[in-house]
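The structure appears below as structure tokens.
Just so it is clear, none of the values below were taken in a lab; they were calculated from the coordinates. Just so we're clear, the structure is a prediction, and the values are computed from it rather than from any experiment. When we count neighbours, we look across all protein chains shown, and the Cβ atoms used for this are built from the backbone with ideal geometry, even at glycine.
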Amino acid sequence: MKKIHYFFLLLLPATACNNAKEKTGTETTQADTIQTGSQQVSLPEPYATESVKNFSKVTGWPAGQMPLVPAGFRVTKFADSLNNPRWIYVADNGDIFVAESAGDNSANRISLFRDNNNDGIPELRTVFLQGLNMPFGMYKHHDHFYVANTDALVRFDYPAGATSITTPAKKIVSLPPGPRHWTRNIVGNAAGTKIYIAVGSSSNVGENGMDKETRRACILEINPDGTGEKVYASGLRNPVGMGWEPSTNTLWTAVNERDELGDDLVPDYLTSVRENGFYGWPYSYFGQHVDPRLKDSAKTDLVNQAIVPDYSLGAHTASLGLAFYNGNFPARYTGGVFIGQHGSWNRSVFSGYKVVFVPFANGRPSGPAEDFLTGFIADESKKEVYGRPVGVAVLKDGSLLVADDAGNKLWRISKQ
């Protein structure tokens with residue numbers, strides 16, 4: 001795998017990210033190096049390498065084969081025989097909900113797991129909800145259970161401890177359905193007064209017309225009853241994972257950036273989310289670097305407002321999952337974030353196909369990303385992978401659970 005080299009310097013104030021606003025928004029299509037907090041990000045020129053299609057072939061996991069973890073940890077199979085497990089939500093009572101959905105053959109269900117004695121073997125596995133429409137994000141709020149289908153946020157009455165729900169859903173708010181980025185993730189704030197909905201774009205760079213991107217490439221904010229909708233942040237091509245940084249209670253998201261500009265453009269990224277902030281898509285990337293395909297139509301006023309993301313996760317890694325860690329791993333992991341990288345298709349050599357850990361200090365990334373769960377690539381020369389990690393979640397016992405949608409498994413990582 002081609003290595004991307006990062007240089008880590010002293011942490012700069014958050015206002016350092018605003019320095020790019022002094023540029024006109026049309027000067028920075030060339031190669032550039034950007035300082036973002038503790039990280040120095042080198043961006044090549046667009047088309048420095050040819051854009052390629054390099055899709056992986058999923059072989060499944062051979063008997064006895066498992067992903068790899070660092071010394072001091074162990075990985076076990078928590079569950080298998082799922083149908084595209086994409087996302088994980090852990091309720092406050094420890095119940096584990098897994099959305100099984102993907103494409104035309106979606107299972108359209110949510111499964112429930114309980115592991116009451118925390119031995120990594122669930123005593124209960126049941127279909128919690130079915131007949132959904134490509135479900136993804138989940139959220140328990142008082143006596144309601146919310147599900148983000150691809151075309152709507154819906155809500156169910158949720159009796160305490162229920163193992164299945166068969167009552168009808170109430171539509172809270174309609175959402176723009178596919179194509180392209182169909183997942184809809186949701187998180188609530190600490191007070192339970194707001195819900196945030198991540199909605200990806202319907203295109204790579206708006207090639208179908210920006211009229212098709214209304215309420216897309218953004219994070220929406222609503223009240224739990226669906227009222228009070230506003231665009232909380234925009235210009236985010238495909239925000240998926242969201243979470244609250246524990247020391248500052250700031251919303252962060254993992255974003256999939258655009259394709260077809262070459263092997264190392266554009267980096268997917270992890271960023272704090274500023275209310276009313278604009279992050280560039282489709283007109284510019286990583287701040288005010290104008291996309292050459294849109295240089296004649298780029299809106300300079302928007303480009304000049306484009307916020308530089310906080311942290312590069314590497315180009316075409318398909319960084320999706322996001323979970324801030326608050327369990328019983330060694331202290332250096334506390335407050336940092338685990339990122340599930342689904343893996344590349346638009347790169348000549350594979351990138352992603354792993355879970356990485358990004359350390360945090362004082363509420364911000366503080367060092368290079370570290371490989372944490374690897375071993376998903378079976379044979380790159382044959383383009384073969386065993387599976388592809390997506391959602392990540394911290395369980396009540398401090399272990400980490402990873403959804404492997406292509407491998408149809410859940411992997412549990414715990415201390416040895």
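Please report the net charge: other residues with Cβ closer than 12 Å to the Cβ of Leu270, K and R +1, D and E -1. Write down the numbers at each step before the final one.
Working: positive: Arg364; negative: Glu245, Glu257, Asp268, Asp310.
Counting the neighbours of Leu270, the net charge comes to -3.
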Packing-based exposure ordering (other Cβ within 10 Å, fewest first) of Ser348, Ser381, Ser399: Ser381, Ser348, Ser399
So Asn54 and Asp92, fully extended at 0.36 nm per residue minus their Cα-Cα distance, gain in nm 9.6 nm
Mark the label point 7 Å from the Cα of Asn223 along Cα→Cβ and return the residues of segment 122-150 whose backbone N is within less than 18 Å of it. 141-144
Please give me the summed charge of the neighbours of Pro224: other residues whose Cβ is under 15 Å from its Cβ, Lys and Arg +1, Asp and Glu -1. +1
Residues with amide H under 5 Å of Phe128's amide H, sequence separation 5 or more or different chain, H placed in the peptide plane at 1.01 Å from N; which? Ile110, Ser111, Leu112
Hey, what did the chain get for relative contact order, percent, Cα under 8 Å, at least 6 apart? 19
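If I take R0 = 56 Å and measure r between the Cβ atoms of Lys212 and Asn362 in this structure, what FRET efficiency does the formula 1/(1 + (r/R0)^6) give, to the nearest 0.05? Before the final figure, lay out each step's value.
On the way: r = 40 Å, r/R0 = 0.72.
Once rounded, the FRET efficiency stands at 0.90.
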For each pair in Lys57/Lys77; Lys354/Lys382; Lys77/Lys382; Lys354/Lys396; Lys295/Lys383; Lys77/Lys212, compute the distance between the two Cα atoms and list the pairs where it is over 30 Å. Lys295/Lys383; Lys77/Lys212
